[in-house]
Amino acid sequence: PSIAERLAQRDAPTFSFEYFPPADDAGIQQLIGTVDQLSPLRPDWVSVTYGATGASRYRTFSAVGAIRGQTAARTMGHLTVAGQDEGEIRRAIEAYERLGVTQILALRGDPPGGGAYEPRSDGLATATDLVRLIRSMGDFSVGVAAFPAGHPESDLDLDARILLDKQEAGAEFAVTQLFFDAEAYFALVERFRALGGTIPIVAGIMPVTVPSQIERFATMSGARMPAAFEAKLRAVADDRDRFRAVGLELMTALCDDVLAGGAPGLQFFTLNRSKATQEILARLREMPARVPA
Ligand code: FAD
């Protein structure tokens, strides 16, 4: 079944693992090790991120190939439109098809060097256009991004309307940006449902394990931590072991909360590492039956 069918038929929340394509051989070895470690948990799917510059595109396809050789899980490839003309985007979709990847997360992407996004006149402007293109090219199941704390170039209401546009263009599910506030996730779902949105919105989960993440996420708008959450982390920021323990405890509680509130599934941003994800999954209240304690 496709990811959308899997979500529709679920009798328990889905869980999935997101990987990024490594830049070198050592990174590939680490990725393969991580996929091996996490495969016994039998994720509902795994996904691989995409970078628009030439070299990183090929890295995505080779990482997808390596992962498919390593796990039976269905694989989703991400695809962005930023920095490419329409021909390049079409060829990327065909490359996924040749690799046997029929699940695609359709995204716009961001300008490689930062700054304001400028659509190319010979390319596609938005993720919605990409959803339409992918659906027109074959039997693909397409997912899209959603933003619990809002996309930096938008506002919460426009975000909900854009998500509805993506659904109308043929997207069958969404995965959120990382967030630390369960209420923000519920509010997004509510705004979307109020407009008539029906597709499932999987919660994107970034395990917090090292103190430097506090500052990193503080500079990413949207990933701001609730004050109490951040205070608990800051209180243990000079003790790496305690920080990790507190971080995993807070993230487990966040996962429990969003699942209790009806989230259809969790997508873990693994950073190509296995331990934190394994620990959170093992501690969830509504623990998937196939995750060993
Ligand atoms: P869009 O849906 O196109 O929206 C972007 C902005 O365009 C909107 O905020 C709005 O300002 C404007 N806009 C779009 N449509 C309309 C409209 N109809 N009317 C008015 N304004 C409009 N990036 C990567 O490079 N590679 C990845 O692999 C990747 N994976 C991701 C995975 C997840 C789960 C998430 C949440 C994000 C990921 N990203 C990735 C980041 C993503 O590319 C950026 O967040 C990007 O800024 C927005 O992408 P989008 O698909 O939401 O864009």
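At-a-glance table
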| item | result |
| --- | --- |
| Per-residue [θ]222 nm for the chain (sum of -39500 (n - 2.57) over DSSP H runs n ≥ 4, rounded to 500) | -14000 deg cm²/dmol |
| Candidates per GluC sites (Glu not before Pro) in segment 136-240, loop by DSSP, up to 13 other Cβ within 10 Å | E153 |
| In segment 76-116, the trypsin sites (Lys or Arg not before Pro) that fall in loop regions by DSSP, at most 11 other Cβ within 10 Å | none |
| Beta bridges by DSSP in the chain, antiparallel share as percent, to the nearest 5 | 0 percent |
| Centroid-to-centroid separation of segment 109-160 and segment 65-83 [C-alpha atoms, Å] | 19 Å |
| Gyration tensor verdict on the chain (Cα atoms; rounded if a/c is under 1.5, prolate if a/b is larger than b/c, oblate otherwise) | rounded |
| Cβ-defined net charge surrounding A260, 11 Å radius [Lys, Arg +1; Asp, Glu -1] | -2 |
| Shape call, segment 19-68: gyration tensor on alpha carbons, a/c limit 1.5 | oblate |
| Trypsin sites (Lys or Arg not before Pro) within segment 1-69, DSSP loop, no more than 16 other Cβ atoms inside 10 Å | R10 |
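Quick note: the coordinates plus some simple rules give every number you see, no bench work behind them. Predicted model, so just to flag it, every value in this text is computed and none were measured. Ideal geometry is used to build each Cβ from the backbone, glycine not excepted, and the neighbour counts take in all protein chains shown.
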